[in-house]
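Working notes, structure below.
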Amino acid sequence: MSHIHAIDPAAPDRALLARAASLLQRGQLVAFPTETVYGLGANALDPTAVQRIYEAKGRPEYNPLIVHLSGAASAQRLVTTWPEAAERLTKRWWPGPLTIVLPKAMGIPSEVTAGLGTVALRVPAHPVALALLQVCGFPLAAPSANRSGAVSPTTAAHVAAGLGEQVPMILDGGPTSVGIESTVVDLSGPRPVLLRPGMISREELEAEIGPVELAEGAPAGEAPRASPGMLDRHYAPNARVVLLGPGGHLPSGLPSADRVAALMRSLPLPSVAGHGVTLPSDPAGYARELYGALHQLDAGGVSIILVEAPPDEPAWAGIRDRLHRATHP
Ligand code: TXA
Ligand code: MG
């Protein structure tokens, strides 16, 4: 059913990359691995190709896309300013799980930016993504390769299960290493604003460029909500997700154990859960395995997933954000 092509990150097959680039050149979609999650790529300079991303994902048209590049020099060509903060952050974290938002240059289709005057840019730290970008020679607009609102894919199999025939080619570079989406920081205004927390924390950003505000409307310590597309239920499995706070009170009226799953970290599996996964206790390990566990438990057909709340510490902020979004009704 699928068009999954294994590709070795240590030595990406040039012929396969050339086929992928040729599809992209002709306006088709190609899913590819990044270090965070799999992306659904289209030529960012081709409005018709970019439109296909929205159709394949069922993505609302007001939610702009991240443009992926092979290096900072190509990023600078897509913006009208390159402030000191952009220089510092990208020197430190590119290639890597950091996306910056800056005023966009002419020539970027409005489909990419959902009509905004700004564009989101990222250089991914994955050899397959970088090799593909180099062979293409044009930037790739790429959201996570899942149906809009669903849990992001961290394997090629997740992409195939979620989008199937809608993607002509899926490059399978194995499971992703970071596991949750990039940190998004808006540098287009007078002060930097954190739009989406990730594994690069607000505190790490601040050590590099000084104070970083939380997006407007974000309750302290909670998820930013002001980025376009961030108001929606996001990153959510089919099952209802319930966070177990400190003390771990179980909700009442639970279904039978075979319909209940638990995602734990430090606590033992509760006896009410017929299925369980224990994730690593460190944030990097936890993030790497989180979406895989949610995909797996969801595929098991459970109706509720009890999740042990992660610690209220900076290193866990990106993970807490995704789990809170997953609990939206
Ligand atoms: O790790 C990642 O960032 C992955 C991989 C594939 O690179 N991509 C990803 O894309 O998560 P997506 O489309 O699922 O999330 C992009 C986020 C959205 O929340 C969107 O609202 C925000 O970036 N965004 C994009 N352009 C923006 C802009 N001009 N201003 C503000 N937010 C923007
Ligand atoms: Mg996404």
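Charges only on Cβ, +1 for Lys and Arg, -1 for Asp and Glu: so what's the dipole of the chain about the Cα centre, in debye to the nearest 20? For this selection, approximately 500 debye.
A DSSP coil position with no more than 12 other Cβ atoms inside 10 Å describes the following trypsin sites (Lys or Arg not before Pro) in the range 1-107: R26, R77.
Counting protein heavy atoms only, the chain has 53 percent of its accessible area on carbon and sulfur, 1.4 angstrom probe. Rolling a 1.4 angstrom probe over the protein heavy atoms with all chains in place gives the range 236-278 an accessible area of 56 Å² per residue.
How many Å² of accessible area per residue for the range 3-50, probe 1.4 Å? Intermediate results must be reported in sequence, preceding the final value.
Working: 1810 Å² over 48 residues.
Accessible area per residue: 38 Å².
Which residue fluctuates most in the GNM of the chain (Cα springs below 10 Å): H158, H295, H249? So, out of H158, H295, H249, the one fluctuating most is H249.
Over the range 253-329, what is the mean sequence separation of C-alpha contacts under 8 Å (at least six apart), divided by residue count, expressed as relative contact order in percent? Please list the in-between numbers first.
Values: 87 pairs, mean separation 23.7, N = 77.
Value for the range 253-329: 31 percent.
Taking every alpha-carbon pair under 8 Å whose residues sit at least 6 apart, the chain reaches a relative contact order of 20 percent. Protein heavy-atom accessible surface, 1.4 Å probe, per residue over the range 147-196: 32 Å².
For the options S22, S256, S152, a Gaussian network treatment of the chain with springs between C-alpha atoms closer than 10 Å singles out S256 as fluctuating the most.
From Cα pairs below 8 angstrom and at least 6 apart in sequence, can you work out the relative contact order of the range 1-109, rounded to a whole percent?
On the way: 83 pairs, mean separation 21.2, N = 109.
Here the relative contact order equals 19 percent.
Counting only helical runs of four or more DSSP H residues, what would the 222 nm mean residue ellipticity of the chain come to if each run contributes -39,500 (n - 2.57) and the total is spread over all its residues? The partial results should precede the final answer.
Numbers: 10 runs with 95 residues, N = 329.
Rounded to the nearest 500, the figure is -8500 deg cm²/dmol.
Taking 7 Å steps out from each Cα toward its Cβ at D282 and A11 produces label points 3.0 nm apart. Build a GNM of the chain with springs between Cα atoms under 10 Å apart, and of P311, P124, P175 the one that fluctuates most is P311.
Rounded to the nearest whole Å³, what is the per residue volume of the convex hull around the Cα atoms of the chain? Intermediate values should be presented prior to the final figure.
Working: hull volume 41.5 nm³, N = 329.
Expressed per residue, the convex hull around the Cα atoms of the chain is 126 Å³.
The values are calculated or read from the model by the stated rules, or taken from the named source; none is laboratory data. Here the structure is a predicted model, which is why all the values come from computation and not from measurement. Glycine gets a Cβ as well: all are built from the backbone with ideal geometry, and neighbour counts include every protein chain shown. For the accessible areas, the whole protein counts, side chains as well, though only heavy atoms, and no ligand, DNA or RNA atoms are used. Shrake-Rupley method; radii C 1.70, N 1.55, O 1.52, S 1.80 Å.
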